[in-house]
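Below: the structure, in structure tokens.
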Amino acid sequence: MDIKLRCVGLTGTEGFEQQPANGWKGMFNILSYTQYFDVDTDVVVNRLISSLYPNAGDFFSKIDANPDLYGLIWISTTLVFVLASFGNCATYLMEKHTDKTTSWSFDVNYMNVAAGSIYGYAIVVPLAFYFLLQYLGSKPSLVQFWCLWGYSFFVFVLASFLLLIPVEILRWIIIILAGAASACFVAFNLKSHIEGRADLSLTVVAAFLLQMALAIFIKSKH
Amino acid sequence: MSHGDTIPLHQSSQSDIDEIENLIHASVQSSSATVLPARPPSPPRASIPISTSPSPSPFISSNLPPLPPSNQKVPSVPSAPPPPPLPSSSSSSRVAPTGFGPAPNTLTEPVWDTVKRDLSRIVSNLKLVVFPNPYREDPGKALRDWDLWGPFFFIVFLGLALSWSASVKKSEVFAVAFALLAAGAVILTLNVLLLGGHIIFFQSLSLLGYCLFPLDVGAIVCMLKDNVILKVIVVSVTLAWSSWAAYPFMSSAVNPRRKALALYPVFLMYVSVGFLIIAID
């Protein structure tokens, strides 16, 4: 045993060695999170499609057994990228529409603003609702809330493609529709989650309004 | 090393250490007869012009954090004087058992040899990763011989190319590009691990870095010629090439039912970098 410890001591100060597959600190932490990513491609696609139908309030029952954070992370990342890139494009197209002489200018700051706002909203708002509902007596599950809000961004991703059209009135219509769809999705599912308790319906309204506010914000960033 | 210890060794430990020393001496002497291994640890001696060349890769063969700073001046000495037997041994004894085969005596070779070796490794990895030949004999070679110098060069080069192309806010552009690529590679690997895939962290970083090479080429072309249509075409072609190069590694790492989930983020990252290349004016 002394020999083995000495050998480790001789080589242990060398610094980096080839990372083993079952890493010392990595695997333990990763393993505890893989349960939230235990979804297949068809499951994710199914959840994405169901996020486009706001009136069926059954999202929670779909994800009950297996809520996933994959949707939250990658849909919000896609939304950040789409906002940053199409924001620049749309600004250029709008200015070109009104003033034929403008040239393309790329503002890197779009990326920072988009990233900060989308990630902040996606993480903080479900967290806030979780604490709020817990305080008011319901029994929510944080991962399910994150999942719900994550998938609700999918409509915004699709709408951002349409927002490239430089006609102002059309852009307003598109964003109002998309915002309403997403907000209804969140609100109906939240309503079915709280199981008809009337005093919590205010939270549902708040969720609706917040989602609309996000939609307006996305419009203004474009 | 243990000879500087103040704690007296147990008798059996001392004899075991002597045994290990003998084995190390035997292996060093069998590989190269020029260096006489000596016992004392290597104190920093700035006056001795050893032709040691700290191999530029900090991760692989010469893991030598306590090397004296005189080594930095060595590259100006083109040919090595015959190395004195003193401080090289304790380091060379640690070089031998690193798993990359019998170690050439990397401390006494000229700097150009070390640089050439690393460059050839980068080139061979590049050929294996970016120009995959389905009939090659050893498909796993690039995976075993991964290194991080290639990816580092490619990421920094891409950031620099984008920064040069930008007319305003150059440093912000570089920062965004570098952060996007570096953090992106880490997050993509974590994504595969979280989806239950089997991948080695640094191997995956290395492979994702090598797959950036086509985008580097695209960035250079776009920097030289500023036509939007050309940029779109070049970036699309190189983007497709990068994704095609990264596809086999990523898809083989996860369960086939989750392939798309692992590949989509890779695609997203390359598309965003491609967009940066097109959009920088």
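The residues of segment B:143-172 that are out of contact with any Gly (no Cβ under 8 Å at 6 or more places or on another chain) and either in contact (Cβ under 8 Å) with a residue 40 or more places away in the chain or under 16 Å from B:ALA245 (Cβ atoms) (or both), listed by number, are B:LEU143, B:TRP146, B:ASP147, B:TRP149, B:PHE157, B:LEU158, B:ALA161, B:LEU162, B:TRP164, B:SER165, B:ALA166, B:SER167.
Name the single residue, out of those in segment B:194-236 being assigned to a loop (DSSP other than H, G, I, E, B) and free of Cβ contacts under 8 Å to residues at least 60 places away in the same chain, that is farthest from the other protein chains (Cβ to nearest Cβ). So the residue we want is B:LYS225.
Yes or no, residue by residue, for (1) within 9 Å of another protein chain (Cβ to nearest Cβ); (2) at pLDDT below 85; (3) crowded, with 21+ Cβ neighbours inside 10 Å:
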site	(1), (2), (3)
B:ASN125	no, yes, yes
B:ASN133	no, yes, no
B:ASP145	no, yes, no
B:PHE152	no, no, no
B:TRP164	no, no, no
B:SER171	no, no, no
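Taken together, the residues in segment A:74-106 that are modelled with pLDDT under 70 and surrounded by fewer than 17 Cβ atoms within 10 Å (Cβ to Cβ) amount to 7.
Among all positions in segment B:238-250, there is at least one residue which is touching a helix residue (DSSP H, G or I) at 6+ places or on another chain (Cβ under 7 Å) and over 30 Å from B:LEU224 (Cα atoms).
Could you say whether any residue in segment A:125-143 is more than 14 Å from chain B (Cβ to nearest Cβ), under 11 Å from the mean Cα position of the chain (by Cα) and closer than 30 Å to A:GLU195 by Cβ? Yes, there is a match, as at least one residue in segment A:125-143 is more than 14 Å from chain B (Cβ to nearest Cβ), under 11 Å from the mean Cα position of the chain (by Cα) and closer than 30 Å to A:GLU195 by Cβ.
Just name the residue that is nearest to B:PRO151 (Cα to Cα) out of those in segment B:169-215 that are touching a Ser or Thr at 6+ places or on another chain (Cβ under 6 Å) and of a type outside the set (A, V, I, L, M). Ranking the candidates gives B:CYS211 first. Apart from one condition, A:SER32 fits all of (1) modelled with pLDDT of 80 or more; (2) out of contact with any helix residue (DSSP H, G or I) (no Cβ under 6 Å at 6 or more places or on another chain); the exception is (1). Looking only at residues of segment B:245-281 that are polar (S, T, N, Q) and within 9 Å of chain A (Cβ to nearest Cβ), we find that the one that is farthest from B:VAL232 (Cα to Cα) is B:ASN255.
Residues in segment A:184-199 that are under 15 Å from A:TRP146 (Cα atoms) and modelled with pLDDT of 80 or more: A:PHE185, A:VAL186, A:ALA187, A:ASN189, A:LEU190. Among the residues of segment A:125-184, those identified as in a loop (DSSP other than H, G, I, E, B) and either β-branched (Val, Ile, Thr) or over 19 Å from A:TYR53 (Cβ atoms) (or both) are A:LEU136, A:GLY137, A:SER138, A:LYS139, A:PRO140, A:SER141, A:LEU163, A:LEU164, A:ILE165, A:PRO166, A:VAL167.
Filter segment A:167-206 down to the residues that are surrounded by fewer than 16 Cβ atoms within 10 Å (Cβ to Cβ) and in contact with a Lys or Arg (Cβ under 8 Å, 6 or more places away or on another chain), then identify the one that is farthest from A:VAL82 (Cα to Cα). Result: A:SER201. The residue of segment B:201-219 that is surrounded by the fewest Cβ atoms within 10 Å (Cβ to Cβ), among those that are touching a Gly at 6+ places or on another chain (Cβ under 9 Å) and over 12 Å from B:ILE155 (Cα atoms), is B:PHE201.
The values are calculated or read from the model by the stated rules, or taken from the named source; none is laboratory data. Keep in mind the model is a prediction, meaning the values are calculated, not measured. So basically every Cβ, Gly included, is an ideal-geometry build from the backbone, and we count neighbours across all protein chains shown.
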